[in-house]
Amino acid sequence: MACDPRVMEYLPPLTRAESDAALDRMIATEREHGHVFWALERKVEGDFIGFCGILPPRSPIFEHEIGWRLAHHAWGQGLAREAAEASLAWAWANLPVPAVMAITNLANTRSWGLMERLGMIRYPDEDFEHPELAEGDPLRPHILYRIHRPLPEAD
Ligand SMILES: CC(C)(COP(=O)(O)OP(=O)(O)OC[C@H]1O[C@@H](n2cnc3c(N)ncnc32)[C@H](O)[C@@H]1OP(=O)(O)O)[C@@H](O)C(=O)NCCC(=O)NCCS
């Protein structure tokens, strides 16, 4: 998935070793915090189709973050949305957080389109240049969306 140029169009490219290291970090984060960008499998077929989930606060935005990446063959079927809605439901049930944010590059319309389908709101005052990307890199400008914990339903 991490060497498919369609999937990685708006993400820094990863070598096999970097992808393996990222997976090791994910496993360590799951062990330490109990949540991460989880692997996704289709319910019936059981095949790996990508990841989605909630990361604990980290640099440069110290808030819980929802994120996603699907293999190209799994796009366009509502699977990312299903996984994201399940991840948010998990966050509201298991984390004492008032909100969850998501970040992406402005050009990544598929990603911020999903943010909007989830009911997330863009905070244009919080646009930022991603410090881990070089100045002048077209992927550096980032936008931020946030969704707040839903109010409890009235009896
Ligand atoms: C961002 C990404 C996860 C979005 O995936 P996606 O499949 O487009 O998102 P959704 O699950 O919301 O699916 C929406 C699409 O499925 C279609 N769809 C089909 N059946 C559906 C259903 N039952 N329910 C909902 N949507 C359905 C919708 O019409 C929509 O199609 P469209 O994009 O042609 O309008 C995916 O493009 C991706 O992995 N991109 C590469 C990695 C990346 O950039 N990650 C984010 C970094 S910040």
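Bear in mind these aren't lab numbers, they're just calculated from the coordinates by the rules spelled out. These numbers were taken from a predicted model, which means no experiment stands behind them. Because the Cβ atoms are built from the backbone with ideal geometry, glycine has one as well, and the counts that use them run over all protein chains shown.
With Cα atoms defining each centre, region 59-117 and region 3-35 are spaced 16 Å apart in the structure. Positive-end ranking of Ala21, Ala74, Ala99 along the dipole of the chain, with charges on Cβ about the Cα centre, is headed by Ala74. With a simple spin-label model that places each label point 7 Å from the Cα along the Cα-to-Cβ direction, the separation between Ser19 and Ala89 comes to 3.1 nm.
In debye, nearest 20, what is the charge dipole magnitude of the chain about its Cα centre with +1 on Lys and Arg Cβ and -1 on Asp and Glu Cβ, if you could check? Let's see the in-between values first.
Numbers: 15 positive and 24 negative charges, 54 e Å.
Its charge dipole is roughly 260 debye.
Computed over the chain, the per-residue total of -39500 (n - 2.57) for DSSP H runs of n ≥ 4 gives a 222 nm mean residue ellipticity of -9000 deg cm²/dmol, rounded to 500. Explain nothing, just the number: relative contact order of the chain, from Cα pairs under 8 Å at least 6 residues apart, as a whole percent. Reported relative contact order: 18 percent.
Using the count of nearby Cβ atoms within 10 Å as a rough guide to exposure, how do Trp112, Trp90 rank from fewest to most?
Numbers: Trp112 20, Trp90 14.
Fewest to most other Cβ atoms nearby, the residues stand as Trp90, Trp112.
Hydrodynamic estimate: the Kirkwood radius of the chain over Cα pairs, inserted into Stokes-Einstein at 25 °C and 0.890 mPa s, corresponds to D of 149 µm²/s.
At 25 °C and 0.890 mPa s, grab the translational diffusion coefficient of region 78-125 from Stokes-Einstein with a Kirkwood Rh over Cα pairs, rounded to a whole number in µm² per second. Using the Kirkwood radius from Cα pairs, D works out to 210 µm²/s. This ranking places Thr104, Thr29 by how few other beta-carbon atoms lie within 10 Å of each, fewest first, which gives Thr29, Thr104.
The radius of gyration of the Cα set in region 44-84, together with its Dmax, comes out at 12.4, 38 angstrom.
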